[in-house]
Amino acid sequence: MAHRLAAEFIGTFWLVLGGCGAAVFAANPAEDSSVGIGFLGVSLAFGLTVLTGVYAFGTISGGHFNPAVTLGAALAKRVEWKALPAYWVVQVIGGLVAGGVIYWIAKGKPDFTATGHMAANGFGDHSPFGYSMAAVIIAEVLLTFLFLLVILGATDNRAPKGFAGLAIGLMLTLIHLISIPISNTSVNPARSTGVAFFNADGAPAQLWVFWLAPLVGAALAGVLYPVLFGRKDELAERPVRDDALDASSAG
């Protein structure tokens, strides 16, 4: 278990550092539209962190890097329930450590202000384009649900081997392309927690939405995937150790 938890810690750390770090440092460094990677670049950064993390650590821990993924995998009988609390703890710690690293690097820029500039998730006044709480909840539940369906499908023993990380990374990229303007994209409570307290400006108070909505979406997918698509008999009674939940993600 220690090896699995180390993999989840490092993978979640990498996801938050790579994704949120790209948003903080590179999305718009000149504070105008002339340079920077923008929404497209940040979306790719999140997708690439998951893709690389899955292939590096998926065979060790399942490569969840996301409490919602762990919940969905447990409900789908892809990981044992006893692993869930420990996975959640190290995922959140990994996200917080990454958030701290981003904060201290960013403080090296003389005019940097962390408040409102740490890629935190939010709704209402804290949404990039002012989306309401209801809109954000609907988007986060739906996108996390679809994300988990892709993860569970790509890591099914019936799926082609070796491509799960690619499918999952591209799915997370697409999710960000859709929802950065809505909520800054969570679909991962550890990612949201990792930067919320450094960001302040209302983010900690709204954090409950970015736990509740992804967990609901993931739970729905974990319950419905076997119902909708079935599974081979030999998958029903054992924890997943397939190619990639053993190659899944997040966040």
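The values are calculated or read from the model by the stated rules, or taken from the named source; none is laboratory data. If you're wondering where the values come from, they're calculated on a predicted model, not measured in any experiment. Cβ sites come from the backbone with ideal geometry, for glycine too, and all protein chains shown count toward neighbours. For accessibility, only protein heavy atoms count, side chains too; no ligands or nucleic acids. Shrake-Rupley method; radii C 1.70, N 1.55, O 1.52, S 1.80 Å.
Remarks
- Per the listing Gly36, Gly41, Gly18, the residue uniquely touching a Pro at 6+ places or on another chain (Cβ under 8 Å), open to solvent by 10 Å² or more (accessible area, probe 1.4 Å) and farther than 22 Å from Phe145 by Cα is Gly36.
- Some residue of the stretch 21-28 being of a type outside the set (A, V, I, L, M), surrounded by fewer than 22 Cβ atoms within 10 Å (Cβ to Cβ), modelled with pLDDT under 90 and part of a helix (DSSP H, G or I): no
- All conditions but one from (1) outside any loop (DSSP other than H, G, I, E, B); (2) in contact (Cβ under 8 Å) with a residue 60 or more places away in the chain; (3) within 27 Å of Val216 (Cβ to Cβ); (4) open to solvent by 30 Å² or more (accessible area, probe 1.4 Å) apply to Phe57; the one that does not is (2).
- Subset tally (residues that are without any contact (Cβ under 8 Å) to a residue 40 or more places away in the chain and open to solvent by less than 30 Å² (accessible area, probe 1.4 Å)) for the stretch 160-170: 0
- For Thr52: the one exception among (1) open to solvent by less than 10 Å² (accessible area, probe 1.4 Å); (2) outside any loop (DSSP other than H, G, I, E, B): (1)
- Residue in the stretch 66-74 that is within 15 Å of the chain's Cα centre (by Cα), assigned to a loop (DSSP other than H, G, I, E, B) and modelled with pLDDT of 95 or more present: yes
- Meets criteria (at pLDDT 95 or above, out of contact with any helix residue (DSSP H, G or I) (no Cβ under 8 Å at 6 or more places or on another chain) and open to solvent by 50 Å² or more (accessible area, probe 1.4 Å)) for Ile138: yes
- Subset tally (residues that are assigned to a helix (DSSP H, G or I) and open to solvent by 30 Å² or more (accessible area, probe 1.4 Å)) for the stretch 182-212: 6
- Candidate set from the stretch 94-153 (those that are over 21 Å from Leu207 (Cα atoms) and among the β-branched types (Val, Ile, Thr)); member that is nearest to the chain's Cα centre (by Cα): Ile151
- In the stretch 202-221, the residues that are without any contact (Cβ under 8 Å) to a residue 60 or more places away in the chain form Cβ pairs under 7 Å with partners that are open to solvent by 20 Å² or more (accessible area, probe 1.4 Å), at six or more places apart or across chains, as follows: Pro204/Phe197.
- Candidates Ile137, Ile151, filtered to the one that is part of a helix (DSSP H, G or I), under 17 Å from Phe229 (Cβ atoms) and in contact (Cβ under 8 Å) with a residue 40 or more places away in the chain: Ile151
- The stretch 60-87 - residue that is surrounded by fewer than 19 Cβ atoms within 10 Å (Cβ to Cβ) and without any contact (Cβ under 8 Å) to a residue 60 or more places away in the chain and, of those, nearest to Leu5 (Cα to Cα): Ile60
- Scanning the stretch 101-159 for residues that are of a type in the set (D, E, K, R) and more than 24 Å from Thr12 (Cβ to Cβ) turns up Lys109, Asp111, Asp125, Arg158.
- Qualifying residue in the stretch 106-116 (condition: open to solvent by 60 Å² or more (accessible area, probe 1.4 Å) and part of a helix (DSSP H, G or I)): no
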